[in-house]
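The block underneath contains the structure these notes are about, expressed in structure tokens.
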Protein chains: 2
Amino acid sequence: MSAELQNDLYLRALNREDVPRTPVWVMRQAGRYLPEYLKVRKQAGDFMSLCSNPELACEVTLQPIDRFNLDAAILFSDILTIPDAMGLGLHFETGEGPKFSNPVRTAADVEKLPIPDPTDSLRYVMDAVSTIRRELNGRVPLIGFSGSPWTLATYMVEGGGTKDFAKIKGMLFSDPLTLHKMLDKTAQSVISYLNAQVEAGAQSLMVFDTWGGVLAPANYREFSLRYMQQIVDGLTRQADGRKVPVVLFTKNGGQWLDIMADTGCDGLGVDWTTDLSDARARTGDRVALQGNLDPSVLYGSPESIRTEVQRVLDSYGTGPGHVFNLGHGIHQFVNPDNLGVMVEAVREFSTQ
Amino acid sequence: MSAELQNDLYLRALNREDVPRTPVWVMRQAGRYLPEYLKVRKQAGDFMSLCSNPELACEVTLQPIDRFNLDAAILFSDILTIPDAMGLGLHFETGEGPKFSNPVRTAADVEKLPIPDPTDSLRYVMDAVSTIRRELNGRVPLIGFSGSPWTLATYMVEGGGTKDFAKIKGMLFSDPLTLHKMLDKTAQSVISYLNAQVEAGAQSLMVFDTWGGVLAPANYREFSLRYMQQIVDGLTRQADGRKVPVVLFTKNGGQWLDIMADTGCDGLGVDWTTDLSDARARTGDRVALQGNLDPSVLYGSPESIRTEVQRVLDSYGTGPGHVFNLGHGIHQFVNPDNLGVMVEAVREFSTQ
């Protein structure tokens with residue numbers, strides 16, 4: 001039996017129910033800007049060793065909840081666990097970000113890609129989810145997540161990070177059928193991965209489409225949104241007698257919020273380049289909105305942080321359906337105290 | 001006396017006059033993807049030596065005109081010439097992009113910034129402009145350009161390229177008055193720089209706002225657009241009895257095209273994340289539109305390049321006011337033959 005949820009503001013806001021104040025959490029809230037995280041990271045060794053150790057992954061997941069009293073916890077993991085489980089050989093080169101030893105380049109490579117069994121090669125993630133859920137003990141809901149198929153495919157084809165997306169777009173424009181096969185397999189993998197997270201205890205889900213925003217609109221619909229739709233359609237939407245809300249987030253996708261809302265997801269992440277008032281007008285209150293303070297505001301003074309928090313709250317306006325967050329992940333070199341100022345301001349200004 | 005202009009399709013399209021076919025040029029058309037460029041670059045030594053040698057800058061400016069018969073030439077130079085002339089000590093570290101030895105960090109630094117005399121410390125640029133104009137001999141119009149004040153300030157404060165914009169946004173949120181003083185001085189510098197380019201022979205102008213798209217909407221209006229407005233208001237708009245059209249381009253600025261059109265500029269650059277049909281609807285035919293093929297299309301097959309060119313032309317639709325271009329600069333590792341396929345397709349498909 002799971003402990004009863006003591007703070008369900010996050011889940012209620014995603015259902016666009018009335019809440020006494022705006023819930024707040026922060027993308028990458030467990031991470032390198034926190035000295036307590038760096039300590040555990042050092043203990044674990046490298047980044048993937050931390051992800052694959054359920055006890056330590058649980059410890060860093062809870063750190064920002066303890067420090068800032070946030071309204072949701074998010075599984076500490078990486079979006080590249082699925083391609084790693086497909087056998088692509090994920091490793092991190094110092095100062096260079098993630099790399100794959102076996103990138104996917106041809107139709108034959110795609111043919112060979114397995115759909116990982118989440119209870120086997122991704123078992124360590126499920127163990128982290130159930131450990132965190134147990135240790136949270138009902139304080140706040142736990143968010144599970146995955147990368148979007150397009151975003152995962154980007155890394156799988158490029159073999160790592162990229163600035164020009166030459167290989168994945170070369171495939172998109174020259175051999176779209178092969179790319180579609182790869183995206184379909186990846187979408188199937190994401191569905192079983194996220195459903196297993198719900199099975200293990202995740203109470204809400206988020207799909208990160210970090211690279212959808214580098215596509216032209218027609219290409220976005222065909223190669224990114226279409227597979228997020230497949231995911232939304234394939235997910236378990238109910239657990240423990242409660243809805244499991246799903247949030248989609250395309251970085252730099254402000255122009256596509258209306259078609260993203262059409263997928264039937266519960267919420268949309270919004271980056272800071274779109275006003276929440278515009279986002280709300282475009283999505284017609286069909287979804288909750290999550291965002292969207294510019295993460296760089298946290299480099300400013302406490303006064304300016306409070307001003308900008310107020311601006312985001314005002315931009316959303318009255319009525320239910322807002323989850324406060326940054327518009328992207330918190331930066332590594334931010335002073336954690338400034339995040340504290342932000343969280344307090346959200347609480348203070350949004351309390352009815 | 002300048003030679004009479006033989007091909008004025010570009011200028012006429014920017015004035016939204018009827019043209020027999022859509023004119024085409026390409027951002028960074030003189031550059032590293034061309035073997036003939038690499039040869040001259042090697043001869044010049046480093047990048048700034050090439051920019052500051054009017055004969056060689058002229059030679060590389062004309063190379064893509066000779067090879068592809070494009071409809072406009074653009075001055076070969078760099079957006080960082082102004083901060084360099086302000087005494088910031090521009091240099092290029094191998095594999096690291098531009099750096100400034102003396103970044104601008106404090107109110108005192110801003111106070112000391114001079115407004116460069118374009119006929120003195122930027123004389124080499126004006127010499128390049130007049131040399132190119134003479135050597136073009138009326139084949140096609142010559143475009144002069146500058147970075148936007150916000151984009152220049154980004155490099156001036158960060159001291160080089162950046163991924164997180166920590167220092168410039170720290171200044172924006174903590175000390176906006178100092179940043180405004182800096183942007184005003186930079187805007188004044190850009191105005192005198194661009195007017196001197198027109199004096200030296202530039203027939204059209206473009207302002208590149210590479211980093212406006214990293215701002216929240218309210219910050220974009222206050223810190224980037226406002227200073228592009230100041231520039232539009234301060235420019236010489238007529239030369240040789242002909243209008244000198246001005247084009248503004250904010251990368252990732254698709255959501256702000258309507259307020260950009262309000263500046264009174266003649267054209268807007270549009271990146272590939274916005275459909276030209278949407279862009280046109282939002283700007284209400286007040287401006288010409290320049291763009292917007294995804295530069296990565298040039299990694300694809302000739303067939304897919306032709307398909308995507310047709311898609312961009314169809315997206316703009318009928319009627320005057322379209323200049324074909326990529327949605328951003330051409331990539332370094334593109335096969336030049338693929339650009340040839342693109343240019344031929346634009347000619348073929350757009351001919352009435």
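The values are calculated or read from the model by the stated rules, or taken from the named source; none is laboratory data. All of these numbers come straight from a predicted model, not from anything done at the bench. Glycine also receives a Cβ, built like all others from the backbone with ideal geometry; neighbour counts cover every protein chain displayed.
A few remarks follow.
- Meets criteria (of a type in the set (Gly, Ala, Ser) and farther than 19 Å from residue B:197 by Cβ) for residue B:128: no
- Here residue A:335 fits the description: exposed (fewer than 15 other Cβ atoms within 10 Å of the Cβ), within 24 Å of the chain's Cα centre (by Cα) and either at pLDDT 95 or above or more than 8 Å from chain B (Cβ to nearest Cβ) (or both).
- Yes/no for residue B:182 being under 16 Å from residue B:257 (Cα atoms) and crowded, with 23+ Cβ neighbours inside 10 Å: no
- Answer residue from the range B:310-327, given it is within 10 Å of chain A (Cβ to nearest Cβ) and of a type outside the set (A, V, I, L, M, F, W, C) and is surrounded by the fewest Cβ atoms within 10 Å (Cβ to Cβ) among those: B:311
- Cross-chain or 6+ apart pairs with Cβ under 6 Å, the range A:263-278 first and among the aliphatic types (A, V, I, L, M), then assigned to a loop (DSSP other than H, G, I, E, B): A:268/A:287
- When the range B:54-94 is filtered for residues that are in a loop (DSSP other than H, G, I, E, B) and either in contact with a Lys or Arg (Cβ under 6 Å, 6 or more places away or on another chain) or β-branched (Val, Ile, Thr) (or both), the ones remaining, listed by number, are B:79, B:94.
- Residue that is touching a strand residue (DSSP E or B) at 6+ places or on another chain (Cβ under 6 Å) and in a loop (DSSP other than H, G, I, E, B), where the choices are B:28, B:16: B:16
- Output for the range B:284-339, where each listed residue is acidic (Asp, Glu) and on the phi > 0 side of the Ramachandran plot: B:285
- Taken as a whole, the condition of being basic (Lys, Arg) and over 23 Å from residue A:112 (Cα atoms) applies to residue A:163.
- Per-region count, the range A:38-53, residues part of a helix (DSSP H, G or I) and under 19 Å from the mean Cα position of the chain (by Cα): 4
- Of everything in the range B:90-127 that is of a type in the set (Gly, Ala, Ser) and more than 20 Å from the chain's Cα centre (by Cα), the residue that is surrounded by the fewest Cβ atoms within 10 Å (Cβ to Cβ) is B:95.
- Those residues of the range A:200-231 which are more than 14 Å from every other protein chain (Cβ to nearest Cβ), in a helix (DSSP H, G or I) and in contact with an Asp or Glu (Cβ under 9 Å, 6 or more places away or on another chain), in sequence order: A:200, A:227, A:228, A:229, A:230
- If the condition is being hydroxyl-bearing (Ser, Thr, Tyr) and in a helix (DSSP H, G or I), then the range A:311-352 contributes A:315, A:316, A:350.
- Residue match in the range B:129-138 (condition: buried (at least 20 other Cβ atoms within 10 Å of the Cβ) and assigned to a loop (DSSP other than H, G, I, E, B)): no
- Residue check, residue B:219 polar (S, T, N, Q), crowded, with 22+ Cβ neighbours inside 10 Å, over 25 Å from residue B:91 (Cα atoms) and at pLDDT 95 or above: yes
- Qualifying residue in the range B:184-199 (condition: touching a strand residue (DSSP E or B) at 6+ places or on another chain (Cβ under 9 Å), assigned to a helix (DSSP H, G or I), charged (D, E, K, R) and within 27 Å of residue B:58 (Cα to Cα)): yes
- Only one of A:174, A:148, A:130, A:189 that is within 16 Å of the chain's Cα centre (by Cα) and of a type in the set (Gly, Ala, Ser): A:148
- Among (1) over 21 Å from residue A:322 (Cβ atoms); (2) at pLDDT 95 or above, the one test that residue A:29 misses: (1)
- There is no residue in the range A:96-116 that is assigned to a helix (DSSP H, G or I), in contact with a strand residue (DSSP E or B) (Cβ under 7 Å, 6 or more places away or on another chain), under 29 Å from residue A:291 (Cα atoms) and not small (Gly, Ala, Ser).
- Restricting the range A:139-179 to residues that are β-branched (Val, Ile, Thr) and surrounded by 18 or more Cβ atoms within 10 Å (Cβ to Cβ), the residue that is farthest from the other protein chains (Cβ to nearest Cβ): A:140
- So residue A:262, is it out of contact with any strand residue (DSSP E or B) (no Cβ under 6 Å at 6 or more places or on another chain) and among the acidic types (Asp, Glu): yes
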